[in-house]
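Asker: Dropping the structure in here first, questions after.
The values are calculated or read from the model by the stated rules, or taken from the named source; none is laboratory data. In this text, all values refer to a predicted model and were calculated from it rather than measured experimentally. No Cβ is skipped: glycine too gets one built from the backbone with ideal geometry, and neighbour counts run over all protein chains shown.
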Amino acid sequence: MAINIQESTFLPLQEKIVSNNKIARAIELIVLSLLVSMLVYRVVSLKDQHHYLPWLLAFLCESWFTFIWILSMCTKWNQCYTITYPERLLERVNESEYPEVDIFVTTADPILEPCIITMNTVLSLLAVDYPTNKLALYLSDDACSPLTFYSLVETTKFAKLWVPFCKKYNIQVRAPFRYFTSNSTSLDHDSLEFRNEHKKMKNEYDYLYKKIEVAAQRPFTCDDPNSDFSVFCDVNRSDHPAIIKVVSENTELPYIIYISREKNPKHDQHYKAGAMNVLARVSGVMTNAPLMLNVDCDMYANNPQVFLHAMCVVFGYKNDQDCGFVQFPQAFYNGLKDDPFGNQLANFYYIMNGLSAIQGIFYGGSNCFHRRKVIYGLSPNDIKNTENIRNEDLHKVFGKSFELRDSAAQILSGSNPNIDQKSPSCFIEAAIDVASCSYEYGTQWGKKVGWLYGSTTEDMLTGLNIHGRGWKSVLCSPYPPPFLGCAPSTYPSSLAQQKRWATGLLEVLFTDKNPLLLTMKGNLWFRQALAYHWICLWGARSIPEICYAFLPTYCIITGSHFLPKVNEQAFIIPVGIFVIYNVYVLWEIKRLGVSLRMWWNLQRMGRVTAVTAWFFGFLSVVLKLIGLSKIAFEVTKKEHKPNNGDGVSDHCDKNASRFTFDKSPMIMVGVVILLVNMTALLNGVLKLLKVDHNDIWTELLGLGLGEMFCSMWLLLCFWEFLKGLFGNGKYRIPSSIIWKSGVLALFFVRICRRSSQPI
Ligand SMILES: O=c1ccn([C@@H]2O[C@H](COP(=O)(O)OP(=O)(O)O[C@H]3O[C@H](CO)[C@@H](O)[C@H](O)[C@H]3O)[C@@H](O)[C@H]2O)c(=O)[nH]1
Ligand SMILES: [Mn+2]
């Protein structure tokens with residue numbers, strides 16, 4: 001794929017900009033030294049304590065927090081980002097030299113992931129600024145739904161109008177459901193012709209929308225055995241043969257192929273990773289493009305130049321090694337104001353730019369351009385001669401399909417992959433073969449090649465493995481945001497997502513791709529390994545967070561201390577940490593141009609998520625490790641609000657950011673923390689009321705101001721839960737959960753009381 005660009009005579013296609021990070025580093029070092037002082041203080045003053053337990057626990061938790069602080073500091077130490085210049089690419093590289101790209105879209109459930117959303121993603125990708133004949137779009141449908149197939153067929157018809165329309169008028173937003181909302185349709189073209197065509201497009205889209213909506217409401221009939229839909233008759237989504245259909249081979253559009261891989265309850269399906277591997281193989285057989293882009297079904301292309309930006313990175317380095325994959329950020333179009341559930345990833349900014357200064361951004365599962373050879377397991381500089389690749393070896397790695405072995409050999413040897421100009425439908429049989437359940441047995445799929453199995457965050461594991469082989473990766477964040485998706489819009493779905501992430505991330509550490517192993521045995525950089533630990537330990541962080549959250553109440557109830565008293569000099573240390581840390585995070589967030597409210601939400605959700613979703617993630621990994629349960633990939637619900645012209649309906653809905661609750665036990669620890677803190681505060685206040693005015697200061701000191709403050713802070717963090725105790729309908733925490741938590745809270749209080757009695 002290398003093209004001859006004499007770098008010296010041309011301006012670069014991409015540039016790495018290093019940003020000044022001195023102030024942030026200084027503050028982080030100050031916080032670190034305070035954390036260390038706190039630990040030292042704890043060791044030194046342990047002998048003066050009457051109650052060892054809280055002191056010891058606090059010491060352990062704070063050691064852990066310090067460790068996490070060091071991980072994040074190392075990740076964020078240098079900050080840089082990449083900018084790309086597509087106009088230079090257009091000037092310099094002839095369209096015919098652009099590499100082919102296979103586009104993968106995955107969907108798993110037409111109800112949780114409404115077809116119309118997936119189809120908008122498909123349309124936005126079909127219409128990108130890139131030569132049509134270089135693209136093939138594969139839609140993987142894990143639900144084996146005739147509705148999805150039908151929608152794709154109908155969408156293809158609409159695309160024949162939509163794609164030329166977008167290109168002719170250089171439309172900026174090419175997902176119709178976003179385009180036809182009043183705020184994005186600025187009608188930049190004023191001509192009568194444009195207005196007519198615009199109107200026509202709107203009607204056609206509405207028609208498509210109706211058709212899909214109507215089809216969703218009635219079951220598919222099996223009257224005509226010759227119809228395209230007959231294969232879907234009475235199909236059981238978890239037990240059916242592979243269905244692969246070439247929906248379009250017309251040259252006006254990219255190739256469009258529908259895939260529903262074979263499913264059989266006897267075989268592990270490996271969820272999304274399994275789907276991705278089938279996509280890799282089927283596309284390998286059919287089009288074998290050297291690059292592949294993968295997106296989640298809700299991540300539509302919001303910037304029509306996104307492929308050009310990606311090519312700037314692909315062509316922008318002399319060495320392929322510098323760019324194993326190009327990741328675009330995950331941003332959301334339905335993001336609620338101020339991110340009440342803390343799931344829009346804004347606070348990742350500095351971590352991401354920090355990674356860019358190490359080995360490169362993590363693979364995020366969507367919005368990523370991969371090199372096929374990297375996915376096929378090559379290491380940098382590991383281009384094989386075709387003669388060296390023995391057929392037997394290929395067999396062991398890629399499986400028995402001749403077509404796939406041939407195409408893989410082309411990729412591995414770096415020879416021009418497009419010798420074969422046959423159309424995809426010539427390979428249906430071969431494609432069905434490689435989409436079968438048993439195909440992977442005895443091969444390296446999921447182990448060394450393709451998307452790796454063993455974690456529900458297959459993205460993290462796969463990316464880690466790529467970095468482990470010594471590839472670097474690039475984060476590219478052009479404006480407007482290249483992809484926009486659907487963030488979970490309710491608290492329960494956000495919880496489920498966070499739990500899946502915490503589970504999958506922690507699972508990564510227990511595979512043979514553990515970052516430390518890869519640093520020792522492979523080519524993962526040490527600091528990159530630290531960064532991987534920072535993210536993979538999310539689930540484990542729940543334990544110290546929970547312990548720490550119980551300390552203030554324990555101390556208040558038992559009359560003991562886990563923080564220095566106000567009249568001690570050391571009191572300044574925790575106060576310093578608290579103040580500096582919070583002001584620092586606020587400053588970080590402010591620099592991103594977001595509100596104070598968002599800062600509060602993120603900091604609050606940091607506590608809440610850790611003790612709820614992350615804790616359950618931790619538990620599921622423990623259960624898996626001791627062999628008691630298996631982990632499933634629960635798809636998050638994508639909301640499609642039919643826009644009635646305003647397009648911003650969710651933002652106007654005042655209740656959208658209110659917490660709703662379902663029966664999930666995940667929030668239980670949070671409720672217990674809330675209840676015990678309320679008890680402790682009440683306890684403290686009652687004690688104060690009883691004492692004499694003159695003694696109030698001594699009493700306050702005795703109670704421990706630090707502990708009282710922590711307790712109050714926690715109450716504020718769990719404020720939404722407090723509202724949930726008294727809310728109505730879906731805004732109320734289910735009584736069963738309140739009762740169970742109440743019992744646990746009482747139990748805790750009793751233990752505290754008992755341990756405070758003299759033995
Ligand atoms: O059995 C499955 C399960 C899921 N999916 C697809 O996987 C994608 C991601 O699922 P989603 O429920 O949207 O998960 P998110 O948490 O939003 O996704 C993030 O986190 C996942 C790992 O947990 C990554 O796989 C995703 O790429 C990343 O965007 C969707 O397109 C699904 O259709 C499948 O194809 N088959
Ligand atoms: Mn998603």
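Asker: Only one residue in Val594, Val635, Val608, Val566 is in a helix (DSSP H, G or I) and either farther than 28 Å from Met712 by Cβ or out of contact with any Lys or Arg (no Cβ under 8 Å at 6 or more places or on another chain) (or both). Which one?
Answerer: Details: Val594 fails: in a helix (DSSP H, G or I); Val635 fails: in a helix (DSSP H, G or I); Val566 fails: in a helix (DSSP H, G or I).
Answer to the check: Val608.
Asker: May I ask you to say which residue of Thr75, Thr84 is over 26 Å from Gln569 (Cα atoms), touching a strand residue (DSSP E or B) at 6+ places or on another chain (Cβ under 7 Å) and buried (at least 18 other Cβ atoms within 10 Å of the Cβ)? I'd like the intermediate steps shown before the answer.
Answerer: Working: Thr75 fails: touching a strand residue (DSSP E or B) at 6+ places or on another chain (Cβ under 7 Å).
Of Thr75, Thr84, the one residue that is over 26 Å from Gln569 (Cα atoms), touching a strand residue (DSSP E or B) at 6+ places or on another chain (Cβ under 7 Å) and buried (at least 18 other Cβ atoms within 10 Å of the Cβ) is Thr84.
Asker: Go through the stretch 440-488 and give me each residue that's in a helix (DSSP H, G or I) and of a type in the set (S, T, N, Q).
Answerer: Narrowing the stretch 440-488 to residues in a helix (DSSP H, G or I): 440, 458-468.
Within the stretch 440-488, Thr462, Asn465 qualify.
Asker: How many residues does the stretch 91-127 hold that are among the charged types (D, E, K, R), in a loop (DSSP other than H, G, I, E, B) and closer than 25 Å to Thr287 by Cα? Lay out the reasoning, then the answer.
Answerer: Looking only at the stretch 91-127, we keep the residues that are among the charged types (D, E, K, R), and these are 91-92, 95, 97, 100, 102, 109, 113.
Cutting the leftovers down to in a loop (DSSP other than H, G, I, E, B) gives us 100, 109, 113.
After this cut, where a residue has to be closer than 25 Å to Thr287 by Cα as well, the list is 100.
Total satisfying the criteria: 1.
Asker: Name the pairs whose Cβ atoms lie under 6 Å apart, with the first residue in the stretch 206-218 and under 13 Å from Thr155 (Cβ atoms), the second assigned to a helix (DSSP H, G or I), and 6 or more positions between them or separate chains?
Answerer: Matching pairs, first to second residue: Leu208/Glu154; Leu208/Phe158; Lys211/Glu154; Ile212/Cys115; Ile212/Ile116; Ile212/Ser151; Ala215/Leu147; Ala215/Tyr150.
Asker: Which condition number in (1) modelled with pLDDT of 95 or more; (2) in contact with an Asp or Glu (Cβ under 9 Å, 6 or more places away or on another chain) is the one that Pro488 fails?
Answerer: Failing condition for Pro488: (1).
Residue by residue, here is whether (1) modelled with pLDDT of 95 or more; (2) more than 23 Å from Tyr453 (Cα to Cα); (3) surrounded by fewer than 24 Cβ atoms within 10 Å (Cβ to Cβ); (4) away from ligand 2 (no atom under 16 Å from the Cβ) holds:
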| position | (1), (2), (3), (4) |
| --- | --- |
| Val247 | yes, yes, yes, yes |
| Thr251 | no, yes, yes, yes |
| Tyr258 | yes, yes, yes, yes |
| Arg261 | yes, no, no, yes |
| His270 | yes, no, yes, yes |
| Val282 | yes, no, no, yes |
| Asn319 | no, yes, yes, yes |
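Asker: Can you find, within the stretch 85-112, the residue that is modelled with the lowest pLDDT among those that are over 19 Å from Met276 (Cβ atoms) and hydroxyl-bearing (Ser, Thr, Tyr)?
Answerer: Taking the stretch 85-112 first, the residues over 19 Å from Met276 (Cβ atoms) are 85-99, 110-111.
In the following step, the residues that additionally are hydroxyl-bearing (Ser, Thr, Tyr) were identified as 85, 96, 98.
Working: Tyr85: 97, Ser96: 93, Tyr98: 96.
Here the residue is Ser96.
Asker: Further question: Of the conditions (1) surrounded by fewer than 22 Cβ atoms within 10 Å (Cβ to Cβ); (2) closer than 25 Å to Ser366 by Cα, Ile103 fails just one. Which one is it?
Answerer: So Ile103 meets the others, but not (1).
Asker: For the stretch 588-619, what are the residues that are without any contact (Cβ under 8 Å) to a residue 60 or more places away in the chain and either more than 14 Å from Gly342 (Cβ to Cβ) or buried (at least 24 other Cβ atoms within 10 Å of the Cβ) (or both)?
Answerer: Lys590, Arg591, Gly593, Leu596, Leu619
Asker: Output the number of residues of the stretch 487-497 satisfying the condition of being crowded, with 23+ Cβ neighbours inside 10 Å and near ligand 1 (Cβ under 9 Å from one of its atoms).
Answerer: Selection size over the stretch 487-497: 1.
Asker: Kindly provide the set of residues from the stretch 730-758 that are exposed (fewer than 13 other Cβ atoms within 10 Å of the Cβ) and of a type in the set (S, T, N, Q), ordered by number.
Answerer: Step one: filter the stretch 730-758 for residues exposed (fewer than 13 other Cβ atoms within 10 Å of the Cβ), giving 735-736, 739, 743, 747, 750, 753-754, 757-758.
Across the stretch 730-758, the qualifying residues are Ser735, Ser736, Gln757.
Asker: Right, next: For Leu11, work out the one condition from (1) out of contact with any Phe, Trp or Tyr (no Cβ under 8 Å at 6 or more places or on another chain); (2) farther than 27 Å from Trp538 by Cα it doesn't fulfil.
Answerer: (1)
Asker: Among the residues of the stretch 489-504, is there at least one that is more than 16 Å from ligand 2 (Cβ to nearest atom), assigned to a loop (DSSP other than H, G, I, E, B) and out of contact with any helix residue (DSSP H, G or I) (no Cβ under 6 Å at 6 or more places or on another chain)?
Answerer: no
Asker: Another question about this same structure. Scan the stretch 133-146 and tell me whether some residue there is crowded, with 24+ Cβ neighbours inside 10 Å, among the small types (Gly, Ala, Ser), in contact (Cβ under 8 Å) with a residue 40 or more places away in the chain and assigned to a loop (DSSP other than H, G, I, E, B).
Answerer: No, every residue in the stretch 133-146 fails to be crowded, with 24+ Cβ neighbours inside 10 Å, among the small types (Gly, Ala, Ser), in contact (Cβ under 8 Å) with a residue 40 or more places away in the chain and assigned to a loop (DSSP other than H, G, I, E, B).
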